[in-house]
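Please read the structure below before turning to the comments.
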């Protein structure tokens with residue numbers, strides 16, 4: 001939770017926790033985020049909640065849409081640091097090529113791990129895939145002990161879950177990050193409520209089998 005005194009506070013994903021520094025990637029979409037980018041002092045609360053359970057699986061398929069890529073960057077860093085970079089496959093999409101985040105890192109990652117990119121609308125010199133992120137799941141290698149980690153806009157997450165189930169992933173091997181719903185981070189405001197769960201207290205990473213009956217899940 002990052003804040004600027006006298007302006008407000010917002011939930012921002014940790015894009016890197018390497019060494020003794022925290023790196024945040026901030027999209028300027030409102031009063032708080034615009035001030036976070038220019039303020040000399042920033043308040044930090046947390047981190048809160050659960051993390052990606054990558055150590056439980058032999059392989060990870062990480063699926064991200066749009067600005068949802070920062071927590072995947074952190075995941076890649078952590079797995080690389082543990083000598084398991086080869087065990088992650090990244091599927092990432094954005095609206096246009098210019099909307100892709102971490103262009104330099106994407107090139108660097110692709111030297112040692114599988115990285116598949118797509119855009120909704122190809123522009124300029126783009127010669128990669130054009131289409132929605134869930135379609136990239138058809139490219140992945142399936143193993144008996146693999147899991148899918150998903151983060152992004154609600155509709156993208158919904159369609160990714162449907163596609164993952166259709167190609168053979170069980171519900172208990174699909175994990176969702178619902179952090180977009182968070183506001184206070186400590187279970188007070190109720191903004192992040194999903195059925196019986198508070199995302200900030202019970203998540204933000206949820207096993208899909210645990211929350212699939214909640215109607216608010218992809219709203």
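Brief remarks follow.
- In summary, strands (runs of 3 or more DSSP E) completely within region 1-104 and bearing 1 or more residues that are within 30 Å of residue 189 (Cα to Cα) occur at 2-4, 8-10, 14-16, 59-65.
- Residue 219 vs. criteria touching a helix residue (DSSP H, G or I) at 6+ places or on another chain (Cβ under 7 Å) and either in contact (Cβ under 8 Å) with a residue 60 or more places away in the chain or not assigned by TED's automatic domain parsing to the domain that holds residue 73 (or both): yes
- Residues satisfying the stated conditions in region 37-60, i.e. modelled with pLDDT under 90 and farther than 19 Å from residue 202 by Cβ: 37, 38
- Test: residue in region 152-174 that is in a strand (DSSP E or B) and more than 16 Å from the chain's Cα centre (by Cα): no
- From the list 139, 104, the lone residue that is farther than 28 Å from residue 199 by Cα and touching a residue at least 24 places away in the same chain (Cβ under 8 Å) is 139.
- Every residue from region 28-53 that is in contact with a helix residue (DSSP H, G or I) (Cβ under 6 Å, 6 or more places away or on another chain), free of Cβ contacts under 8 Å to residues at least 40 places away in the same chain and closer than 27 Å to residue 197 by Cα: none
- Here 136, 158, 142, 106 are screened, and the one residue that is outside the structural domain of residue 28 (by TED's automatic domain parsing), closer than 17 Å to residue 70 by Cβ and out of contact with any helix residue (DSSP H, G or I) (no Cβ under 7 Å at 6 or more places or on another chain) is 106.
- Comparison of 183, 125 shows that the only residue that is surrounded by fewer than 12 Cβ atoms within 10 Å (Cβ to Cβ) and either under 25 Å from residue 213 (Cα atoms) or outside the structural domain of residue 9 (by TED's automatic domain parsing) (or both) is 125.
- Conditions (1) surrounded by 15 or more Cβ atoms within 10 Å (Cβ to Cβ); (2) in contact with a helix residue (DSSP H, G or I) (Cβ under 9 Å, 6 or more places away or on another chain); (3) not assigned by TED's automatic domain parsing to the domain that holds residue 136: number failed by residue 61: (3)
- Subset of region 193-216 that is assigned to a loop (DSSP other than H, G, I, E, B) and out of contact with any strand residue (DSSP E or B) (no Cβ under 6 Å at 6 or more places or on another chain) - its residue that is modelled with the lowest pLDDT: 215
The values are calculated or read from the model by the stated rules, or taken from the named source; none is laboratory data. All figures in this text were calculated on a predicted structure; none of them were measured in a lab. Counting neighbours? That spans all protein chains shown, and the Cβs are built from the backbone with ideal geometry, glycine included.
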